[in-house]
Each structure stands twice: as structure tokens, then as C-alpha cells.
Amino acid sequence: MVGTTHFINALIQRQSLTRVCTLRLCGPATHSLRPMSNWPDDLKIQVDGLTALVSGGYFFDGSPIAPLDEEEIRSLVRQALTSDINSFCVCGVFSPCRPDQEERVAEIIREESSDAFITVSHEIAGLGLIERENVSILNACLRPLALRTMKALEKAIPDGIPVFLTQNNGTLLSIDQCIRFPVLTFASGSTNSMIGAAHLTGIQNGIVIDVGGTSTDIGVIVNGRPRHTHAKVYLVDDIRVNMSMPDVLSLPLGGGTVIHVDKETGSVCVGPDSVGYQLVTQALAFGGEIITGTDVALAAKLTSQIGHSTVQLPSFIVDQVIDHIKNTISRGIDRMKTNEEPIPVILCGGGSILVNPKQTFDGVTQMIRPPHYSVCNAVGAALCRVSATVESIVDLVPSSIDDGVQRKHEIDRLTLLVQQQCEQKGAHPNTIHLVDIEQVPLAYYPGGYKHRVFLTAIGQLDLFKLRGHHQQSGEQQLLPEVPLGKPQSSKPSKYMNMVNKQPTFDEHGFWIIDSIDIEYIAYGVGILGCGGGGEPYHTKLSCLEMLKNCNGVMRVISPFSLHPSLDLVASIGFMGAPTVSYEQLPSGMECLLAIGRVEEYLSRKVTAVFCGEIGGANGLRGLLVAASKQVPCVDCDNMGRAFPRLDQKLSFIRGQSVTPTCLCSVHGRTVLYTKETIGNAQQLEETLRKECTKMGLRGGLCLPPQTADEVQKYTVHHSLSLAWFLGKAKFSHHTNAIQAVAEAGNGRIIVSDGKVVGVERNTSSGFVRGHVIIDVEGRMLIIDFQNENLVARFEDKEVLASVPDLITLVEQDSGEPFSTETVKYGCRVSVLVLPAPEPMVTQEALKYVGPSAFGYDHCYIRPSYHVPVKSVWDMYYNKPSILSNTSLINDNSN
């Protein structure tokens, strides 16, 4: 069993990477965000050989978005081969649920070239198109290097001895599998250490602290295996993937960490820089001149027999460093724990000599440094098992309907499937067992019980079976070598100063949006989503790509700057299930076509747009659509947050006509609703949900356009500004960021330190309903949700916050918002409450968005005073009023 960092190092150093032909099977869908969006330019140039978005892909229910065009595929494959591109990545929409199109494309590539390297995305990762595609392209660019490396490894091993490599999830890859999936080895090091630590101590549940030369990795073992995460994993260069990785907290502390001493003040700074592998020449213990963590450990008598020089340091240096190490480790332990119960901690790695196991740490029953602690990684590698995963979208009927018969049958079917796959990969059948199962309901599916189900099984390696397999495959000729390009050095990524950025205005008073503004707003709309509305990450990437690649600009205008009679403003957004939106990205034309259909009906052009709801992914959609249409985006929305239903928009609450409204599918099919067919907002909501389901749970929406007077009457003003202020507060405060965000939103923190101890979800009437249970100093706080968070209450029914106020859970350390779909057991959270906008707390509005509208019997208590939301113009624009004297449509050139 071998663990390696060879492939992740090649990626970091930009060495031995090959060009890739990327084929995305998507039909008209997903064109809003191309492959390798937001990749570093130097890496993209080196890897991107040929990229094409081609016919194909599936909807969530397995029906085709578009049929596969085999001649189109064959032509592109030949074009790539002619350009000496021999590594292919194939990624189809919803391929983890239905892989047959990807498999057919792989067959076509083999027909054209028997020695081509082929990566099909469904074999790499699960749902989440961009993330799965990212990791698949990275895998494809490493395939020739993997072949060359594995050939060399086989030659170095005596004949007849099976060789396996360890992968990220603590299980094994054969030589042949590593040639196909080198990306699966990226994070095997920390995983191996945790498995080895559990074996050497016999501790099955606890925390492992692996201290190396440069960094410290803190992870959790559950039943002897590392706790893993699939969400928001970043490999290198902020490239986000959705593969399973160990849930590890990495800290800049190791044996080679440099200790900086200010002789004048006597202050000491620990790191974050490190001498790394040069420890044996630069540290004091080896005759060098740099004080390192290892030198402090020697001076503190925590270890001996390292180096060949005696190390003596002043006590003020030793004391400050030892205190820093203890505080750093204590905070790391507390962050990774999932409950308040004391647990054991295992120290491993050569650098663990920095930690004194005899010290007392809060919440720790015992701290153990086992025999052979420095080689826990190797021990763990020898103990790795075989794994398999299955992901599918299926109906799971509530147990209340049939006593759980259908649900059990479906889960049993998927369990058998994942067990069979595990056995095929080399596990002994008698040792295979399920270690993880996730069931996430899909919203917006009326009358159905669709769930995304993800299962993982592991088993012990069947050496007898695999010895025969190894001997058999060893006789087969491996794929031929592919010429590799010359190594290229990595260019430093562009640095953006995110602190205290100020908005930019043009000569007409338009707020001109740049990439930092997008980062600010993206964070803010996540907070305003109240756990719903969909994650804004992909919409943010689309905005950044538009700013980077297009000549057009994103302009924002105040709602008070519209012309009273000439301007007409459209409210736009997407309707559908967030789970589907992660996989089936928009074409980029849906909202534009919906606007066009409404313009045609009215015989009048729209001169500006705004987002229908500021919370979640739709909060950035107005900027995208406005820039594409080359009109301004108005600083307002219809909710001031995210709500689950259309009839909870302020415009409909206050009596605006609900027509004309248009919904557009990814194929460009528009459905227009007029006063002859739709009479009220509730009817519109029900009709659109049914049509949205027919469109694959995803559609672009244009609601009835508004005049300038109607915008002022029917919208929540300055909601984009509020999102921007929230983001600015977060990025401008490295400490107390959550408090700064609360203050920026005129809100409060009702829980500063809580742990999620339970999450329950179910689907009812097309909504995801349930609650999150948070342990707050022994009291259980319950957050009820219906797509979005509704009420925060203690078990004794004491209500701390309620709709229409905004309730958002954020990650305790980073301040990043959790959605109701991603929050899970063990998350450490703070709970923010921001006041609802003034128009949403009137008696008229509370009938639709107050507690009673969601079935609660408590009354909403208005704040004693209301602080109006200021705009960026109020705070930063020092020129006269920018009231428009002409229609905005005539000013598109500015």
C-alpha cells in the first residue's frame, strides 16, 4: 500500500500536465457557465486543449435534454487527435443518475483512438456539474503522468506482489485504477494518518492531530474512520470540486515553523512561514541560524536527540511559543468537536513533539502519543479498505403512508447495488457494510417524493481474489506513453484587496460593478437567503466570467432615478429546485427570452431589470440579465430576502396585477400568462409550479413589468446595497466578522456558539420542510424551515425570532451562511437575525409573510424602531440627485 502526493504536487507546480479535450453533454443547458470558469489563467492555458458544449444531457427524471449527436462527437474527437490532444474528459448533465450517454461517448473515442485517455465524470464524483467537471478535467490532465508513474512503480516492485495506492476516503486503488483516477489520491496523507492513529491506540472515536514540518492537520475519527465532507471542497487555486475528502482543519504550525522574535519589544510571532525540508540545515539544532518549532521543543525539553547542536533559548521565547501552540491546538480541537462531551485526542506525525501531552486541554479526556507515532501515515495506508458509492434521484414515500415499505425497498435496492460495486472493486463480500447514507428531498416537485440519495459502502481487501487479478492484469500491455509537455512554473494568482472597498460611480451616477462588488454581493445574498433561495456560487462565477470576458459593464441605478413615464422595469429570476440547479445550470437565455415575450405582448421595451428576490442565487441574477440586455439593474427587489412562494412578493401583496408573466424553459420554450388565464397570485404560484415541473424543475421567469411609480410602491428599496454592505462587513473584518455582519444589517446575534445536533427534512406540497436542532449551552434551539428559515424557538416554545425577520445560520469560524439543504449534524453555528424591511412588516404584509401565514399562532413583534436601509449613493455618492431626465433605454452606450 502506497500513499503519494505526486499528482497534487504536479498540479501545484504545473509540471507534466497534458492538454485535455473537454466535452460537456448538455444540449442548450449550462451555457451560462463554461468549463474551467474561474480557473487561474496559467493553468487553464496549459490544460485547455479543446472545449465543446455538445448535444446531450438529462433532466433530473432521466428524460433527455437533447439526444446525443454521435457525428458531432466524432468530428470533435478527430479534431482533438489531429491537434495531438489524446486525453478526453466527458461530462454529462445528470450523468451520475444516468451515465449511458457518457459511456457511449467513451466508446466513440475508443473507436477513433485505442490508446486515448478517457475520463467520464460519473466515475469520479456525484451531482454538482461544475464541481464534478472540474475534478474530472484535473484527472484527465494527469492521466499520462499517472501512467508513467505507475509503470515505474510496478518495475520497482518484485513480480507477483499486488500494489495498491491509498485514496482520499481511506480506501484503496489498484495500479490500474490509479492510472485511471490519479485525482483520487490528492488528500490521502491525512486520511492515512487518522486511520493509523486509530489502529495504534485502539481509539475508534476521537480527534487526531497530525503535526508535520509545515502544517498541522486536525481531523475526527468516527468508528475508526475519518469523518469526510463532500461539500465546498477546494483543491488548489480555489478550484471547487465535490469529491469526498477528509474533513480536516489545517493550521500553519509544524516542526519547521519559523519563530520570529522582536528583540526590542520581546514579542514573539509563530509562523506562518516554515523552513520545510531545509530544517536539517537551517534550524538551530542542525547548526543553522533560524529558530524553528523544533528548536523550541528541544529548549523546552519536550524531546531530545534531534540534530547535532545544543539548543538554548530565553525563557520568554519558549513560554510564548508553548502558549501559542497550546492555544492553537485548543481552538482547533474545539472547532472540530461535534458535541460538548470530552473526547480522547491522538498525537501523530514527526512534528507532534511540539505538543506537550501532559498539558491539560479543555474537553479532552486524554492526549496520547502512541508508539510509532511518526509513521502513523504508513500504518494507516496498510489498513485501508475498498469502497464504492452510489448516487441516485428516487421516490421515497413517507413512512406515514405505507409504514415505510416503499422507502425500505428503495434503500435496500440501492444498498445492494453499492455492495455489489464494492465487491467488484475487490472487497471480501462478508466484510462489506454501509458507512454513509444521505437523503435530501427535492423541492418544487408537487405530489411527488423525489430525493437525492447518496450511499457509501466499504469492505476489507480480499487479497486472495486480487492476487489473481493482479497476475492476470499484469500480463496485459498497459496503455502506451503519451509525450508530455515541458514543465511550466505556476504564476502567482492575482491578489484582490477585499478590505473596505468603496463603490465606483460613472459620470451619470450609475454604480459600476466590479469583481470585488460581486464577491461582496454574493456573500450578502447568501445571508439574505435565510437558508433558501439556492446557493449563489454558480451565479457569482457567471458574473465574474461576464466581467472578465465581455466588453459590457454591469450598472446599477437607484429606484428613485427612473423616469416617471418613459421607463419600464422587469422583475426577473429563476424558479425551481436548488438541488436541480446545482447540476442543470441555465442556458443564459431563459430570462432574456421571457422578457422578450412580455415585451412583445405589451408592444413596449423594458429599459431596466431587477431581481425578484434578493435572497440566494436570484440575488445576482438581475445583474447578469441586465448586463446581457445592456440595461441597468435597479437597486431593489420584491421581498428583501427569500420566501418560498410567489404570492409573498410585495408587489402582489400590495395589489399589482399578476400578469403578464412568462416562464421560459432551457429549450427556449416560453409560456405566457395573461389576465384571461390567471386571476390572482395564488393561482399564478400553483400554475407556475406545475409548469416548472414540466420544464425539469428549472425555468427563467419574467414577472409583470413596472413603471417608475410602481417600482417605488411595490419593491423593497436598496436591497442590492444591503447585500453589498453585508459582504463588505464580512471581508473587512478578519476578527468578529459575524458581529460586523449583524451590525451592517441592523440585526443581532441570538446564538454565538451552537452545535447542530439534529436535522429533519421532508417534502410536502412541493416544499422542503423540517427543522434544525441546535445545542445552546444545554438548551435546544429549534429552527423551523419551509425552504427558508421561519422561526427560532426553544423547546419550551419561547420564540426568539420569527418571519418576516431574517433568520440565517452561519458557520461559526468563517461566517459563511448555511442553507437548509447543507446544514448537518455537527456543524458549529452562529444564528443571525436581521430585521425585515419596513414594507414587509405592515399589517397588510403580515397576512402573507407573518407567522400566521405559515401556520403559527404566535404574533410577530415589531422592533420598537426601524432603521431604514441606506444605499451606496447615500453613503458614497456626493453629487447632486441623479434623477433621470430621459428613458434609460436611450443611454445604453454609457
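The values are calculated or read from the model by the stated rules, or taken from the named source; none is laboratory data. Since the structure is predicted, the reported quantities are computational estimates derived from the model, not experimental observations. Please note: Cβ atoms are built from the backbone with ideal geometry, for glycine as well, and neighbour counts cover all protein chains shown.
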Residues that are closer than 30 Å to residue 83 by Cα and not hydroxyl-bearing (Ser, Thr, Tyr): list the helices (runs of 4 or more DSSP H) wholly contained in the stretch 103-215 that include at least 3 such residues. 129-156, 175-180
So the check is Cβ under 6 Å with 6+ separation or different chains; which pairs have a first residue in the stretch 254-265 that's in the same structural domain as residue 349 (by TED's automatic domain parsing) and a second one that's in a loop (DSSP other than H, G, I, E, B) and at pLDDT below 90? 254/212; 254/213; 254/214; 254/215; 255/213; 256/213; 256/214; 256/275
With respect to residue 390, determine if the residue is surrounded by 16 or more Cβ atoms within 10 Å (Cβ to Cβ), part of a helix (DSSP H, G or I), among the hydrophobic types (A, V, I, L, M, F, W, C) and in contact (Cβ under 8 Å) with a residue 24 or more places away in the chain. no
For the subset of the stretch 43-64 comprising residues that are in a loop (DSSP other than H, G, I, E, B) and either touching a Phe, Trp or Tyr at 6+ places or on another chain (Cβ under 6 Å) or aromatic (Phe, Trp, Tyr) (or both), which member is modelled with the lowest pLDDT? 60
State all residues of the stretch 524-547 that are under 22 Å from residue 39 (Cβ atoms), in contact with a strand residue (DSSP E or B) (Cβ under 8 Å, 6 or more places away or on another chain) and either surrounded by 24 or more Cβ atoms within 10 Å (Cβ to Cβ) or of a type in the set (A, V, I, L, M, F, W, C) (or both); if no residue qualifies, say none. 543, 546, 547
Of all residues being outside any helix (DSSP H, G or I) and of a type in the set (Asp, Glu) in the stretch 572-613, which is nearest to residue 625 (Cα to Cα)? Just the residue, please. 613
Being in contact with a strand residue (DSSP E or B) (Cβ under 7 Å, 6 or more places away or on another chain) and over 20 Å from residue 559 (Cβ atoms) is the filter here; which residues of the stretch 644-662 pass it? 644, 658, 659, 660, 661, 662
Cβ-Cβ under 7 Å pairs, at least 6 apart or on other chains, the stretch 841-867 side in contact (Cβ under 8 Å) with a residue 40 or more places away in the chain and under 18 Å from residue 639 (Cα atoms), far side charged (D, E, K, R) and surrounded by 17 or more Cβ atoms within 10 Å (Cβ to Cβ): 848/647
Looking for something in a loop (DSSP other than H, G, I, E, B) and closer than 26 Å to residue 264 by Cβ - is there at least one such residue anywhere in the stretch 314-325? yes
How many residues does the stretch 614-634 hold that are farther than 22 Å from residue 807 by Cβ and part of a helix (DSSP H, G or I)? 9
Of the residues that sit in the stretch 770-818 and are of a type in the set (Asp, Glu) and part of a strand (DSSP E or B), which one is surrounded by the fewest Cβ atoms within 10 Å (Cβ to Cβ)? 811
Assuming residue 277 fulfils every condition listed in (1) hydroxyl-bearing (Ser, Thr, Tyr); (2) part of a helix (DSSP H, G or I); (3) in contact with a strand residue (DSSP E or B) (Cβ under 9 Å, 6 or more places away or on another chain) apart from one, which condition is it? (3)
In the set 647, 709, which member is among the acidic types (Asp, Glu) and in contact with a helix residue (DSSP H, G or I) (Cβ under 7 Å, 6 or more places away or on another chain)? 647
Any idea which residue in the stretch 256-273 is farthest from the chain's Cα centre (by Cα), counting only those that are at pLDDT 85 or above and under 20 Å from residue 355 (Cβ atoms)? 268
Can you tell me which residue is farthest from residue 31 (Cα to Cα) among those in the stretch 645-669 that are surrounded by fewer than 23 Cβ atoms within 10 Å (Cβ to Cβ), in contact (Cβ under 8 Å) with a residue 12 or more places away in the chain and not polar (S, T, N, Q)? 654
Kindly indicate which of 73, 85, 12 is in a loop (DSSP other than H, G, I, E, B), among the aliphatic types (A, V, I, L, M) and not assigned by TED's automatic domain parsing to the domain that holds residue 240. 85
Selected residue (criterion: farthest from residue 389 (Cα to Cα)) from residues of the stretch 69-115 that are more than 32 Å from the chain's Cα centre (by Cα) and basic (Lys, Arg): 78
Any residue at all in the stretch 289-296 that's in the same structural domain as residue 356 (by TED's automatic domain parsing) and loosely packed, with under 12 Cβ neighbours inside 10 Å? yes
Checking the structure you have, find out if any residue of the stretch 710-721 is on the phi < 0 side of the Ramachandran plot, in contact with a His (Cβ under 6 Å, 6 or more places away or on another chain) and either part of a strand (DSSP E or B) or surrounded by 17 or more Cβ atoms within 10 Å (Cβ to Cβ) (or both). no
